[in-house]
Amino acid sequence: MSTSLGTLFLIPNTLGEEARVEQLPWVLPRETITQTAKLTHWIVEDAKTARAFLKAVDTVSPLACTIQEMQMSEWRGVARNAKYGDAIKPMDLLKPLMAGKDMGLMSEAGVPGVADPGAELVLAAHKLGAKVKPMVGPSAILLGLMASGLNGQHFAFQGYVPHDAQDRINKLKQLEIESKKLQQTQIWIETPYRNTAMLMACLNALSPQTLLCLGMDLSLPSEMITTLSITDWRKRYPNEAACALLQNRPAVFLMLA
């Protein structure tokens with residue numbers, strides 16, 4: 001490994017903006033906060049979110065320079081960058097790393113590289129021979145699995161399921177079959193404004209005895225984690241109107257047939 005290369009630090013972000021300053025010392029270890037404050041070169045999923053996070057870090061551990069003085073580049077992933085007409089490549093963003101500068105990689109929420117476009121950059125850093133250092137922080141996927149009571153020995157993360165109503169139903173049924181066959185917890189996420197549609201799809205597609213866990217606002221003061229059979233979920237949320245409180249809240253869905 002070349003000693004002339006910098007280190008790519010994978011910096012976890014909070015899972016929501018609510019009470020970010022108050023929550024920061026609770027959801028991130030001191031070492032993570034201290035290392036974050038030292039970095040002046042960044043690759044982030046969303047610059048606005050990153051600046052808000054760094055502003056909160058500054059209240060706990062003073063930043064090495066002002067946020068305005070930092071070198072900060074956005075990365076949406078290969079496919080999304082192409083969609084927006086951005087021809088930039090991972091190696092272009094890692095030039096400071098090649099010049100010996102330590103860099104931070106930050107997701108919009110949670111840990112980089114998981115349900116996040118940062119994996120391409122991490123792989124590029126490995127190809128360079130640079131050191132990659134993951135820092136400890138909150139992951140909605142693991143927090144949800146820990147608290148679900150479902151199978152934590154055998155699980156699969158599916159990312160996002162299809163948005164089309166019928167495709168979504170078909171996918172959920174497929175995941176239920178796999179879950180039952182393998183006794184595997186199936187985990188997926190959804191855009192917050194589609195929470196109600198996702199829950200109603202689960203109630204329509206899945207078998208009565210299948211267990212479903214819904215983890216919302218994980219690590220935040222408004223956190224809600226509930227595991228019930230589909231039968232009991234149907235009693236609690238018999239229609240879309242009953243699901244109103246679930247809308248627009250970051251959520252992770254877990255299922256075990």
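With both partners inside the chain, how many of the DSSP beta bridges are antiparallel, as a percent to the nearest 5?
If I count the DSSP bridges inside the chain, around 50 percent turn out antiparallel.
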Carbon/sulfur accessible area of the chain, % of total, 1.4 Å probe, equals 54
Which residue, Gly159, Met135, Ser179, has the largest displacement toward the positive end of the dipole of segment 128-180 when charges sit on each Cβ (Lys, Arg +1; Asp, Glu -1)? Met135
Looking at the chain as a GNM with Cα springs under 10 Å, which of Ser107, Ser73, Ser219 has the largest mean-square fluctuation? Ser73
Using a probe radius of 1.4 Å on heavy atoms only, what accessible surface per residue do you get for the chain? Whole Å² is fine. 49
Any idea what the dipole of segment 145-257 comes to, in debye rounded to 20, about its Cα centre with Lys/Arg Cβ at +1 and Asp/Glu Cβ at -1? 220
Let me know the charge dipole size of the chain about its Cα centre in debye, to the nearest 20, where only the beta-carbon of Lys, Arg (+1) and Asp, Glu (-1) is charged. 400
For Rg and Dmax of the Cα atoms in Å the list reads (1) 18.0, 56; (2) 19.9, 61; (3) 16.6, 45; the calculated value is entry (2)
Given the whole protein assembly as supplied and a 1.4 Å probe, what does the accessible area of His163 come to in Å², nearest 10? 90
Candidates Gln183, Gln68, Gln23; GNM for the chain (alpha-carbon contacts under 10 Å) flags as most fluctuating Gln68
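If I stretch the segment between Lys101 and Gln166 completely, what's the gain in nm (0.36 nm per residue apart, minus their alpha carbon distance), one decimal?
That pair, Lys101 and Gln166, stretches by 18.5 nm at full extension.
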In straight Cα distance, which lysines are under 16 Å from Lys101, not counting same-chain residues fewer than 8 positions off? Lys38, Lys131, Lys133
Sort segment 146-257 into rounded, prolate or oblate with this rule: let a ≥ b ≥ c be the square roots of the eigenvalues of the Cα gyration tensor; rounded if a/c is under 1.5, and if a/c is not under 1.5, prolate when a/b is larger than b/c, oblate otherwise. rounded
Distance in nm between pseudo-label sites at Lys127 and Ile67 (7 Å out along the Cβ direction from Cα): 3.3
Please compute the modelled spin-label separation between Leu245 and Val60, points set 7 Å along Cα→Cβ, answer in nm with one decimal. 2.9
Computed from the beta carbon distance with a Förster radius of 22 Å, FRET efficiency for Thr191 and Ser229 to the nearest 0.05 stands at 0.30
Ellipticity estimate at 222 nm from DSSP helix runs (n ≥ 4, -39,500 (n - 2.57)) divided over the chain, nearest 500: -11000 deg cm²/dmol
Indicate the helices, whole DSSP H runs only, in the chain that combine a mean Kyte-Doolittle hydropathy of 0.0 or more with a Cα extent along their long axis of 18 angstrom or more. 47-60
Please check: in the Gaussian network model of the chain (C-alpha springs, under 10 Å), which one of Ala125, Ala241, Ala37 has the largest mean-square fluctuation. Ala241
What three numbers, in Å, describe the spread of the alpha carbons of segment 29-172 along their principal axes, ordered from the longest? 50, 37, 30
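Averaging sequence separations of C-alpha pairs under 8 Å and six or more residues apart, then dividing by the length of the chain, give the relative contact order as a whole percent.
Once divided by the residue count of the chain, the mean separation gives 23 percent.
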Within straight-line cross-link reach of Lys173, lysines at Cα separation under 26 Å, skipping those fewer than 8 residues along the same chain: Lys181, Lys235
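The values are calculated or read from the model by the stated rules, or taken from the named source; none is laboratory data. Every value quoted in this text rests on a predicted model; they were computed, and no experiment measured them. All Cβ positions, even for glycine, are placed from backbone atoms using ideal geometry, and neighbour counts span all protein chains on display. Protein only, heavy atoms only, side chains kept; ligands, DNA and RNA dropped before computing areas. Shrake-Rupley method; radii C 1.70, N 1.55, O 1.52, S 1.80 Å.
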